[in-house]
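Reviewing the structure listed below.
The values are calculated or read from the model by the stated rules, or taken from the named source; none is laboratory data. These figures come from a predicted structure and were not determined experimentally. Reconstructed Cβ throughout: ideal geometry from the backbone, glycine too, with neighbour counts over all protein chains shown.
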Amino acid sequence: MKTLRYIGFLAVAILFASCAKETAPEKTGKRIVFKAGLADVKSTASATGAFAWSEGDRIYALDIWGVYQQFTLTKGAGTKNAEFTSDEEIEGVSGYAFAGSADVYSWGGVYNYYLTSYYDESEVGQTHSPMVATIPDGPNPSLAFKHLCGLIKVTLKGFTGILTMVRLSSKDNAIAGDFIIQNIGTENACIETDEYGDREIYYSMYKDVAGDIDFYFPVPVGEYGGFTIYMEGHDSSYNKFIDTYEIDKSVTISRGELRTVERTANITNN
């Protein structure tokens, strides 16, 4: 009897699984296209003073299952208004879209944004500017991105040789690590500095350079006691290049602000 009961239970289980398989809903996902612009353009990363999306840029948004999906630029490189298409077929998105990082997570309505302390050679020249946009209703919504931080742009002029490191250090408050997005969904959304995260951001590379080169550092909003910019490399004869620049005064970084620092290369003969 025990054997019969087991076999009977197994038969019911198989029948149930078969019915479930037959009635499973078909996938309804599709590629979603965002039209992405910038709500505030006072922060610029181009020589002409106009924000521009770049080839290869990506943005991220939560789908209806709470999974972050990646959208890649498919139209509008070099302009401030572009189109991004989801890499996968998805059923929908909601909440907010983010640019500059895939490391965003939320808990209880609080959104944390991770600002990395490390970039490699492939990321030189990108702005890495953290931005957020509210996703409106509709099948292919238009997004108005807002900057969450300020930017420090460091330009090394007239360098010929191999560049191996460029580093920005804060003298007091954090410029990398996990930060809560303050006032998300409002005009005043931003990432504010605190004293608990990393105080350095650096590019590590072995990059052959001939001429001028730009490096961008996203910096949280707030007051700083100063910064140090450090660069190193060498020329073709392995003569060292080392440059250290101190900003010894208090600096206030505002959301959507671009600050520029230019340095001229000086090679030291070994």
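Quick one: is Ile180 buried (at least 17 other Cβ atoms within 10 Å of the Cβ), touching a Phe, Trp or Tyr at 6+ places or on another chain (Cβ under 9 Å) and either touching a residue at least 40 places away in the same chain (Cβ under 8 Å) or of a type in the set (Lys, Arg) (or both)? Answer is no for this residue. In segment 190-215, the qualifying residues are those that are part of a loop (DSSP other than H, G, I, E, B) and modelled with pLDDT under 95, and the one that is nearest to Asp235 (Cα to Cα) is Gly197.
Meeting the requirement of 2 or more residues that are touching an Asp or Glu at 6+ places or on another chain (Cβ under 6 Å), the strands (runs of 3 or more DSSP E) wholly within segment 67-109 are 68-75.
A search for C-beta distances below 8 Å between a residue of segment 228-256 that is on the phi > 0 side of the Ramachandran plot and any residue that is surrounded by 13 or more Cβ atoms within 10 Å (Cβ to Cβ) and in a loop (DSSP other than H, G, I, E, B), counting only pairs 6+ apart in sequence or on different chains, returns Gly256/Asp40; Gly256/Lys42; Gly256/Ser43.
There is at least one residue in segment 191-202 that is more than 20 Å from the chain's Cα centre (by Cα) and either within 24 Å of Asn112 (Cα to Cα) or exposed (fewer than 14 other Cβ atoms within 10 Å of the Cβ) (or both). When you scan segment 245-258, do you find a residue that is loosely packed, with under 13 Cβ neighbours inside 10 Å, in contact with an Asp or Glu (Cβ under 7 Å, 6 or more places away or on another chain) and at pLDDT 90 or above, even just one? Scanning segment 245-258 turns up at least one residue that is loosely packed, with under 13 Cβ neighbours inside 10 Å, in contact with an Asp or Glu (Cβ under 7 Å, 6 or more places away or on another chain) and at pLDDT 90 or above. Residues that are over 15 Å from Lys30 (Cα atoms) and over 17 Å from the mean Cα position of the chain (by Cα) within segment 54-66 comprise just one, Gly66. Can you confirm whether Phe145 is more than 17 Å from the chain's Cα centre (by Cα), among the aromatic types (Phe, Trp, Tyr) and on the phi < 0 side of the Ramachandran plot? It is false that Phe145 is more than 17 Å from the chain's Cα centre (by Cα), among the aromatic types (Phe, Trp, Tyr) and on the phi < 0 side of the Ramachandran plot. Pick from segment 67-126 the residues that are within 23 Å of Tyr216 (Cα to Cα), surrounded by 14 or more Cβ atoms within 10 Å (Cβ to Cβ) and among the acidic types (Asp, Glu): which of them is nearest to the chain's Cα centre (by Cα)? My answer is Asp103. Residue check: is Thr228 at pLDDT 95 or above and either of a type in the set (Val, Ile, Thr) or more than 25 Å from Glu123 (Cα to Cα) (or both)? Judged against the criteria, Thr228 is a match. Annotation: Glu187 fulfils all but one of (1) assigned to a strand (DSSP E or B); (2) more than 20 Å from Lys249 (Cα to Cα); the unmet one is (1). How about segment 107-124: which of its residues are closer than 28 Å to Arg167 by Cα and without any contact (Cβ under 8 Å) to a residue 60 or more places away in the chain? The one that is closer than 28 Å to Arg167 by Cα and without any contact (Cβ under 8 Å) to a residue 60 or more places away in the chain: Ser122.
If only residues of segment 127-142 that are more than 16 Å from the chain's Cα centre (by Cα) and in a strand (DSSP E or B) are counted, the one that is farthest from Gly37 (Cα to Cα) is Thr134. Condition check for Ile162 on (1) out of contact with any Ser or Thr (no Cβ under 6 Å at 6 or more places or on another chain); (2) over 19 Å from Ala102 (Cβ atoms); (3) assigned to a loop (DSSP other than H, G, I, E, B); (4) in contact (Cβ under 8 Å) with a residue 24 or more places away in the chain: one failure, at (3).
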